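What follows is a single structure, written as structure tokens, with notes after it.
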Amino acid sequence: MINDIKRSAEEKMKKSIEALKVEFSKVRTGRAHAGILDHVKVDYYGSQVPVSQVANVSVLDPHTLGVTPWEKKMAPVIEKAIRDSDLGLNPATVGELVRVPIPAMTEERRRELVKVVRGEAEGAKVAVRNIRRDAIAHLKELLKNHEIGEDEERRAQDEVQKMTDRHIAEIDKLLAEKEKDLMSV
């Protein structure tokens with residue numbers, strides 16, 4: 001039972017870190033990549049869907065993305081969705097292609113993105129700590145029901161805490177790498 005709790009907590013903590021990596025990949029570092037538009041939602045017949053489900057997103061050059069909608073009438077809708085997103089991009093429609101120039105990042109914008117990244121990292125840390133809290137609550141429940149002894153419960157809590165510390169250190173390492181990446185010109 002204790003091993004199941006620890007294994008479950010470990011898996012959930014790893015998933016939190018993977019989710020953080022995905023969020024970090026969405027934060028741009030001045031170069032164009034198709035993943036930048038992953039979280040931009042477009043109104044498609046009354047449903048909010050990601051741009052990638054209504055158009056082909058490609059990198060035209062290191063500072064320009066090209067979005068080719070599968071339906072001609074979607075171009076202005078996609079352009080508006082990108083403009084209204086929190087990415088600070090100003091797309092322009094040329095025929096059927098929506099060109100999205102990626103502006104050079106200013107020092108101010110870099111600092112804003114560092115704040116965003118720190119917020120994402122803090123969210124991941126909170127998630128890891130919540131997983132620890134739940135695992136310890138399960139252990140205490142087992143102790144209360146006399147399914148395990150106090151020594152086993154204490155040992156398992158220590159192991160869960162070490163697991164938590166290890167994952168939080170990994171989050172800090174990922175954050176430091178992303179901050180360095182964002183602040184380098």
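Since every read-out is calculated from the coordinates, none of them should be taken as a lab result. A quick note: this is a predicted structure, and the numbers were derived from the prediction, not measured. Don't worry about glycine lacking a Cβ; one is built from the backbone with ideal geometry, like all the others, and counts go over all protein chains shown.
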Notebook entry, point to check: Cα-based Rg of the stretch 79-141 per 2.2 N^0.38 Å, rounded to two decimals?
Noted result: 1.88
Check: How big is D for the chain, in µm² s⁻¹ as a whole number, if Stokes-Einstein is applied with the Kirkwood radius of its Cα pairs at 20 °C and 1.002 mPa s?
Finding: 112
Next item on the list: For the chain, build the charge dipole from Cβ charges (+1 Lys, Arg; -1 Asp, Glu) around the Cα centre, then report which of LEU20, THR106, ILE148 sits farthest towards its positive end.
Entry: THR106
Check: Using a Gaussian network for the chain with springs between C-alpha atoms less than 10 Å apart, which of these wobbles most: ARG155, ARG166, ARG118?
Finding: ARG155
Checklist line | Label-point separation, ALA137 to ARG99 (7 Å along Cα→Cβ), nm | finding: 5.4
Next item on the list: For the pairs LYS6/LYS41; LYS80/LYS173; LYS144/LYS173; LYS15/LYS162; LYS15/LYS72, note any where the Cα-Cα span goes beyond 28 Å.
Entry: LYS6/LYS41; LYS80/LYS173; LYS144/LYS173; LYS15/LYS72
Notebook entry, point to check: For the chain, with only Lys/Arg (+1) and Asp/Glu (-1) charged at the beta-carbon, what is the dipole magnitude about the Cα centre, in debye rounded to 20?
Noted result: 400
Next item on the list: With r as the distance between the Cβ atoms of GLU122 and ASP4 and R0 = 41 Å, compute the FRET efficiency 1/(1 + (r/R0)^6) and round to 0.05.
Entry: 0.90
Notebook entry, point to check: For a label point 7 angstrom out from the Cα of GLN161 toward its Cβ, which stretches of the stretch 104-134 have the backbone nitrogen within less than 14 Å?
Noted result: 132-133
Next item on the list: Two decimals is fine: what is log10 I(q)/I(0) at q = 0.17, 0.23, 0.24 Å⁻¹ for the stretch 34-101, from a Debye sum with one equal scatterer on every Cα and no solvent?
Entry: -0.49, -0.94, -1.03
Next item on the list: Please compute the Cα-Cα pair-distance distribution of the stretch 119-185 with 10 Å bins starting at 0, giving whole percents from short to long.
Entry: 21, 36, 22, 14, 6, 2
Margin query: Can you give me the angle between helix 107-144 and the longest principal axis of the chain, using Cα atoms only, in degrees from 0 to 90, rounded to the nearest 10?
Written below: 30
Notebook entry, point to check: Which whole-number percentage describes the relative contact order of the stretch 34-101, with Cα contacts under 8 Å and a sequence gap of 6 or more?
Noted result: 27
Note to self: Quick check on the exposure proxy: order VAL49, VAL77 from fewest to most C-beta atoms within 10 angstrom.
What the structure shows: VAL49, VAL77
